[in-house]
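Here the structure is laid out as structure tokens; the discussion comes afterwards.
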Amino acid sequence: MSILSSISTSLALFCLGLSLTLTAQANTFETVMANGMKVIVKEDKRAPTVVHMVWYRAGSIDEVNGKTGVAHVLEHMMFKGTKNLKPGDFSKKVAEVGGRDNAFTSKDYTAYFQQIEKSHLPKMMALEAERLQHLRISEEEFKKEIQVVMEERRLRTDDQAQAILYEQLLANAFVNSPYRRPIIGWMDDLKNMTYRDAWQWYQDWYAPNNAILVVAGDVDAKEVFRLAEQYYGVVPSKKLPDRKPQEEIRQIGKKHITVKAPAENQQLMMAWKVPKLEANDLENIEPYALAVLSGILDGYTNARLNKSMVKEQRLANSVDAYYEMSARGPQLFIIGASLSKQQQISVADQAIRKALSEIAQKGVRDSELKRVQAQIISSQIYKRDSVFAQAMEIGMTEIVGISWREKDQILERLQRVKSLDIQRVIQKYFIDDALTVAVLDPQPLAQSSQPRATIPGGRH
């Protein structure tokens with residue numbers, strides 16, 4: 001799977017959260033406690049299991065230069081001990097009751113979850129509330145864990161040509177938006193990070209009034225609210241740091257970069273500045289049209305780019321289109337291609353532009369449009385088989401400021417997208433003045449390389 005396919009998971013998860021009818025909102029309940037913590041409960045009693053998630057509105061978008069990666073580092077340190085728990089005890093206690101746990105950091109948030117048999121929910125709340133209030137970050141544990149994070153960066157980015165290309169694409173596409181920085185952080189920042197940096201991040205952002213509790217599964221909402229008050233309601237709120245808007249400045253010309261890294265094939269990524277779904281303007285059809293366009297280009301085996309560039313012309317081994325409809329920061333529409341041997345970047349560039357131009361001029365067929373829109377509906381059906389996916393889509397929607405109550409309206413608007421809407425967004429936004437092009441110039445692969453040993457202790 002390419003990095004563009006991998007990162008498009010967030011869009012897929014968002015689409016999984018789109019409801020078919022108003023009945024999908026049934027059995028979902030919300031309250032906000034006096035300390036500012038929002039609690040959302042999704043009752044699903046088909047199996048005696050529960051997903052317990054805490055989402056903090058603190059991701060790499062909130063970091064500052066010189067301390068990139070600290071949100072992710074703190075995620076690791078959250079498993080390294082509290083006032084009443086030794087390092088490793090948290091996950092051990094979850095495993096003792098047959099559960100699983102983990103965490104993940106993104107540009108917009110950091111989230112922690114446990115999936116357990118329903119009777120153990122109070123214990124999970126007690127554990128999570130413990131580290132919300134009483135985390136301990138020792139210099140000794142930090143020094144060990146920062147090595148794990150640096151190794152993670154080496155394995156997932158520095159040793160992966162496509163990941164390097166994507167990282168450099170973002171760093172050049174954005175000028176003043178924090179989205180230009182990698183979630184895992186720049187290596188030099190990681191090398192110079194101290195346990196005090198992680199501790200300050202925890203002090204700044206880990207507060208109930210900066211968190212959303214999502215519980216999904218075989219539960220009663222009133223009982224969950226009672227338990228939330230018991231375990232989380234006693235945690236005092238904090239004054240959060242001011243969040244500056246950091247709006248990306250307008251791009252005024254095409255950007256082009258070449259990245260040299262060991263690889264077998266040339267790769268191309270083209271990224272256009274496009275709008276996102278705004279909580280205060282959910283009627284704007286443009287983000288929905290862009291989401292459907294990504295499916296038209298790359299949503300199924302015979303989608304336009306795969307059919308023309310991979311199957312017919314054999315220009316590329318793979319082609320991806322990626323657009324994230326909802327986020328806290330500015331968005332890009334990215335098309336990436338891993339070229340076949342002996343093919344030229346210029347030819348792939350022209351093929352992508354031709355595909356976009358044809359849609360802009362002639363529109364899309366009704367069959368294409370209906371197929372992509374039907375896929376959104378089917379993904380909702382699949383999502384209902386997973387309590388975890390239901391909790392994920394609630395958290396991912398809420399954390400960017402869009403209420404779970406809007407799910408039905410979002411689905412309806414996606415179903416309303418017409419060919420003309422797609423033509424208009426291409427004509428308006430897919431212009432060179434809003435384009436950044438990143439090209440991978442493949443360098444010779446090492447003749448022989450020793451596999452890097454994985455340092456134990458990582459959370460992923």
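State yes or no: is Lys407 buried (at least 21 other Cβ atoms within 10 Å of the Cβ), within 27 Å of the chain's Cα centre (by Cα) and assigned to a helix (DSSP H, G or I)?
Considered against the rule, which asks whether it is buried (at least 21 other Cβ atoms within 10 Å of the Cβ), within 27 Å of the chain's Cα centre (by Cα) and assigned to a helix (DSSP H, G or I), Lys407 comes out as yes.
Select from the stretch 185-228 the residues that are outside any helix (DSSP H, G or I) and surrounded by fewer than 16 Cβ atoms within 10 Å (Cβ to Cβ) and write down the one among them that is nearest to the chain's Cα centre (by Cα).
Once the filter is applied, the top-ranked residue is Thr194.
Tell me yes or no: at least one residue of the stretch 147-155 is of a type in the set (S, T, N, Q), outside the structural domain of Glu324 (by TED's automatic domain parsing) and closer than 30 Å to Gln390 by Cα.
There is no residue in the stretch 147-155 that is of a type in the set (S, T, N, Q), outside the structural domain of Glu324 (by TED's automatic domain parsing) and closer than 30 Å to Gln390 by Cα.
What tally of residues in the stretch 163-201 results from selecting those that are among the small types (Gly, Ala, Ser) and without any contact (Cβ under 8 Å) to a residue 60 or more places away in the chain?
Here is the first cut: in the stretch 163-201, the residues among the small types (Gly, Ala, Ser) are 163, 171, 173, 177, 185, 198.
Still in the list and also without any contact (Cβ under 8 Å) to a residue 60 or more places away in the chain: 171.
Residues meeting the conditions: 1.
Might you check whether a residue that is of a type in the set (Phe, Trp, Tyr), in contact with a Ser or Thr (Cβ under 6 Å, 6 or more places away or on another chain) and either modelled with pLDDT of 95 or more or outside the structural domain of Pro208 (by TED's automatic domain parsing) (or both) occurs anywhere in the stretch 16-29?
Within the stretch 16-29, not a single residue is of a type in the set (Phe, Trp, Tyr), in contact with a Ser or Thr (Cβ under 6 Å, 6 or more places away or on another chain) and either modelled with pLDDT of 95 or more or outside the structural domain of Pro208 (by TED's automatic domain parsing) (or both).
For the stretch 55-69, check the following and say yes or no: at least one residue is within 20 Å of Ile116 (Cβ to Cβ), aliphatic (A, V, I, L, M), crowded, with 18+ Cβ neighbours inside 10 Å and in the same structural domain as Leu121 (by TED's automatic domain parsing).
No: the stretch 55-69 contains no residue that is within 20 Å of Ile116 (Cβ to Cβ), aliphatic (A, V, I, L, M), crowded, with 18+ Cβ neighbours inside 10 Å and in the same structural domain as Leu121 (by TED's automatic domain parsing).
Would you please list the contacts, defined by Cβ atoms under 6 Å and residues six or more apart or on different chains, that run from a residue in the stretch 311-332 that is within 24 Å of Lys107 (Cα to Cα) to a residue that is part of a strand (DSSP E or B)?
Going by the 6 Å Cβ cut-off, the qualifying pairs are Asp320/Gly336; Ala321/Ile335; Tyr322/Ile334; Tyr323/Phe333; Glu324/Gln331; Gln331/Val274; Leu332/Ala271.
Identify, please: which residue in the stretch 229-267 is out of contact with any Asp or Glu (no Cβ under 8 Å at 6 or more places or on another chain), in a loop (DSSP other than H, G, I, E, B) and aliphatic (A, V, I, L, M) and is, among those, farthest from Met37 (Cα to Cα)?
My answer is Ala263.
Could you figure out which of (1) among the acidic types (Asp, Glu); (2) in contact with a strand residue (DSSP E or B) (Cβ under 8 Å, 6 or more places away or on another chain); (3) farther than 27 Å from Ile394 by Cβ isn't true of Glu75?
The single condition Glu75 does not satisfy is (3).
Which one is surrounded by the fewest Cβ atoms within 10 Å (Cβ to Cβ) among residues in the stretch 95-133 that are touching a strand residue (DSSP E or B) at 6+ places or on another chain (Cβ under 7 Å), in a loop (DSSP other than H, G, I, E, B) and not hydroxyl-bearing (Ser, Thr, Tyr)?
Residue satisfying both the conditions and the ranking: Gly98.
The values are calculated or read from the model by the stated rules, or taken from the named source; none is laboratory data. The structure presented is a predicted model; accordingly, all values stated were derived computationally and were not measured. Please note: Cβ atoms are built from the backbone with ideal geometry, for glycine as well, and neighbour counts cover all protein chains shown.
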